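**Student:** Before I ask anything, let me first share the structure, which is written out below as structure tokens.
The values are calculated or read from the model by the stated rules, or taken from the named source; none is laboratory data. Since the structure is predicted, the reported quantities are computational estimates derived from the model, not experimental observations. Neighbour counts run over all protein chains shown; Cβ positions are idealised from the backbone, glycine included. Ligands, DNA and RNA are excluded from the accessible area calculation, which covers all protein heavy atoms including side chains. Shrake-Rupley method; radii C 1.70, N 1.55, O 1.52, S 1.80 Å.
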Amino acid sequence: MASQGSVTAALRVAEVLESIANRCVGPEGGQVLCTKPTGEVLLSRDGGCLLEALHLEHPLARMIVACVSSHLKKTGDGAKTFIIFLCHLLRGLHAVGEKGKDSFTSENIQSHERHWKNCCQWKSISQALQTFQTQTLGCIVDRSLSRHYLSVFSSSAEGRKLCRHSLELLLEAYFCGRVGRNNHRFISQLMCDYVFKCMACESGIEVFELLDHCFAELNVGVTGLPVSDSRIIDGLVLPRDFSVYCPADGDIRMVIVTEILQPQFSSAGSEFVLNSETQFQASQCWIMDRTKTIMNHLRSQNVKLLLTSVKQPDLVIYCARLNSISVVECLSAEEVSLVQRITGLSPCVLPEVASQCEISDSTLVKFCKPLILRSKRYVHLGLVSTCAFIPHCMVLCGPVLGLVEQHERAFHGAFKMLRQLFTDLDLNYIIQTKQQCNPSPLAYDNSRERNHSPETDMYQDIVAKNKNKLETQTHLEVYSGLGASDTELRAGKPWSAHKKTPIAPSQIDEMLKCLPPERSGIIDNCDLSIENHSTGNPTAEDTGTEISFKHLQVSDNAGKGYTLPVMRKSLDTCTCQGYCSSTVPAGCVLPVGGSFEILMSYYLLSYAKQCRQSDETVISMLIADALLGIPKILYKPKKGKDSFPHIYMRSLHALQASQPMVSGQSGFESVAGKYQLLTSVLQCLMKILTIDLIINIKRQPQKAADQESEDEF
């Protein structure tokens, strides 16, 4: 069956998926019950888990879910928001393209209608979206959104340090939408404890990369116990029993082998000929003596633990027991790799073990003992780490297997989210100007009128500084809104979190190609200052007490949320064009509850009002309107002053008056994760817009290798 690809068809499919996501999104979301034809029952709030459990026939639905799964593999967060945002984008495009009218409010609305009637080809719109994402979106985030960044790190004389309270708020907000309301606080606290126990330094990125790659080996699920019995265990837990266990005192040395220690009659590719029974018995005696010699040599080297990835013969097990060597067999490749990453140990080879020389590939372990969880036996090893990761295992308990699997999935997603949070996110965009632009209104001071809105003259063109003094540089100076203490934020002291991003020679060549011949470089020196943001009493709810951190200003309004500091950047004029490189620094967060969406919507609308190109104007307004659909759903259960219209109007007034914006919910969310979600949805939309024909195949096509011709019969 074939059908014509269109936004209308994609919208119908997305609305079905949205009806599922809407029921379980946000802190007020409920559990969704899914039943399968096999009789299995799934009760979950995890959007990714619910989408993967669906039996989808429509090709567009399968493609959308595949895009969501690809996004989750990178970030571990945002499945439900992905569907909701995509659905609102499709609604906006449907209103613009199908109905022939613009759903946005603009002074030049008629010109926009004429433009889109002339070029409303979906592929052209897809190309315009791609251009906007690569050339403009990153610039808006870098130049405007960065003024509101908070950080999970605290600044001190000793350097950057992870703030435990900020991490707790981040994890609590994350687990709130994935596990049951009765367990999410306990689970988030358990996760926070685990992170601090595993980190040997404050950088964290190496730890989270290891936790993401080796999560299955660092987690043990136990059924039949309450969730409250979940705990953290020091060391590494292997899900198998000892083949030989010999209690040992004192120093315990460990070796890893990946081959059989018992010598073979012949090596691979050779032939061993036996002419008589006597030769066979003599060969067996030699093999036995050789095996005993190998195991005696291991004991002489104080080796008391043998980890092997293969099944050893009975003779090796017997000799190991005689020499008081504990043996753990059949380790998976992933488990061997994890032990190697933690200890830096390489597997021993048979010639090295068979020789009477000292064994160099061995390491000490703190303990080696069996562990019993419910009715199952495990191997518990106290490995000595040589990396930034201090080995700990997490035991996740639950009354049934389904609940344990949900918690395991939520933990794994949290590690992915933290891995991205602790990594700088590159922002590459293009600055283009063809004529001199006016000074940006972002560079205003307190002497200007407070009722002046930055919307009216923002983003004439986002450009580099100093048109008269352009010179070639190999670094672009990027200023980020991190590292200011709460004292500086309240006192209005000038501050600059100055970071230089090195540019590769190949990037420099590309940048120089984009410049006019008479220009030889780009200067990007954005002055960043933090002014006094004493708000007085802008809203009736602004009556909370201040919680001071060394890295940010957070206002706890008796459960109402957190206050975003406002930091200003100055942009002057230039007449050049070229590539600009910046980053979202590691640890950047924003308050939950739609803060990212409201801020991005505000700055996109501001950009649209000053944009000269109609394509960019409509796309900016389209994305800005779709972003507001997410906080609308989050605040839908709220009434009165906590409803979305009141929250949105207070946020707009705060932004227009350059005052701190107050979030309606407590907790943090990753800026890098939200930006990655935005770009992933736009890429999914681009794929949808390039589809001309949909062919629905109800059964999987046979592979060419499986097809047999009649001649073969």
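**Student:** Are any of the residues in the stretch 185-194 open to solvent by less than 30 Å² (accessible area, probe 1.4 Å), out of contact with any strand residue (DSSP E or B) (no Cβ under 8 Å at 6 or more places or on another chain) and small (Gly, Ala, Ser)?
**Tutor:** Within the stretch 185-194 (the criterion being open to solvent by less than 30 Å² (accessible area, probe 1.4 Å), out of contact with any strand residue (DSSP E or B) (no Cβ under 8 Å at 6 or more places or on another chain) and small (Gly, Ala, Ser)), the answer is yes, since at least one residue qualifies.
**Student:** I need the full set of residues from the stretch 1-55 which are more than 24 Å from Leu90 (Cα to Cα), touching a residue at least 24 places away in the same chain (Cβ under 8 Å) and open to solvent by 60 Å² or more (accessible area, probe 1.4 Å), in order please.
**Tutor:** Passing the criteria: Glu28, Gln31, Val41, Leu43.
**Student:** Would you kindly identify the helices (runs of 4 or more DSSP H) lying entirely within the stretch 600-656 that contain at least 2 residues that are among the acidic types (Asp, Glu)?
**Tutor:** Qualifying helices (runs of 4 or more DSSP H): 614-627.
**Student:** While we're here: Any residue at all in the stretch 641-656 that is within 16 Å of Ser146 (Cα to Cα), open to solvent by 30 Å² or more (accessible area, probe 1.4 Å) and polar (S, T, N, Q)?
**Tutor:** No: zero hits.
**Student:** When Leu345 is evaluated against the numbered criteria (1) at pLDDT 90 or above; (2) surrounded by 15 or more Cβ atoms within 10 Å (Cβ to Cβ), which criterion, by number, is the only one it fails?
**Tutor:** (1)
**Student:** Got a number for residues in the stretch 5-21 being closer than 16 Å to Ser126 by Cβ, part of a helix (DSSP H, G or I) and in contact with a strand residue (DSSP E or B) (Cβ under 7 Å, 6 or more places away or on another chain)?
**Tutor:** 1
**Student:** For the stretch 201-222, which residues satisfy the criterion of being touching a residue at least 60 places away in the same chain (Cβ under 8 Å) and open to solvent by 60 Å² or more (accessible area, probe 1.4 Å)?
**Tutor:** Scanning the stretch 201-222 gives Glu206, Glu209, Ala216.
**Student:** I've got another one for you. So for the stretch 33-49 (the condition being closer than 20 Å to His71 by Cβ, of a type in the set (A, V, I, L, M, F, W, C) and in a helix (DSSP H, G or I)), does at least one residue qualify?
**Tutor:** yes
Conditions (1) out of contact with any Ser or Thr (no Cβ under 8 Å at 6 or more places or on another chain); (2) open to solvent by 20 Å² or more (accessible area, probe 1.4 Å), marked per residue:
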| site | (1), (2) |
| --- | --- |
| Gly138 | no, no |
| Val141 | yes, no |
| Tyr149 | no, no |
| His165 | yes, yes |
| Leu171 | no, no |
| Asn183 | yes, yes |
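**Student:** Residues in the stretch 571-593 that are assigned to a loop (DSSP other than H, G, I, E, B) and modelled with pLDDT under 90: how many?
**Tutor:** Of the residues in the stretch 571-593, 8 are assigned to a loop (DSSP other than H, G, I, E, B) and modelled with pLDDT under 90.
**Student:** Only residues in the stretch 622-634 that are without any contact (Cβ under 8 Å) to a residue 40 or more places away in the chain and more than 14 Å from Leu86 (Cβ to Cβ) count as the first member; pair them with residues that are among the aromatic types (Phe, Trp, Tyr) and not in a helix (DSSP H, G or I), Cβ under 9 angstrom, at least 6 apart or cross-chain, and list the lot.
**Tutor:** Note: pairs meeting the criteria are Ala624/Phe104.
**Student:** Then there is this: Residues being farther than 21 Å from Gly48 by Cα, polar (S, T, N, Q) and open to solvent by 30 Å² or more (accessible area, probe 1.4 Å): count how many of those fall in the stretch 657-678.
**Tutor:** Here the count works out to 2.
**Student:** Every residue in the stretch 386-405 that is more than 15 Å from Gly204 (Cβ to Cβ) and either open to solvent by 30 Å² or more (accessible area, probe 1.4 Å) or out of contact with any helix residue (DSSP H, G or I) (no Cβ under 7 Å at 6 or more places or on another chain) (or both), please.
**Tutor:** Passing the criteria: Thr386, Val395, Pro399, Val400, Leu401, Gly402, Leu403, Val404, Glu405.
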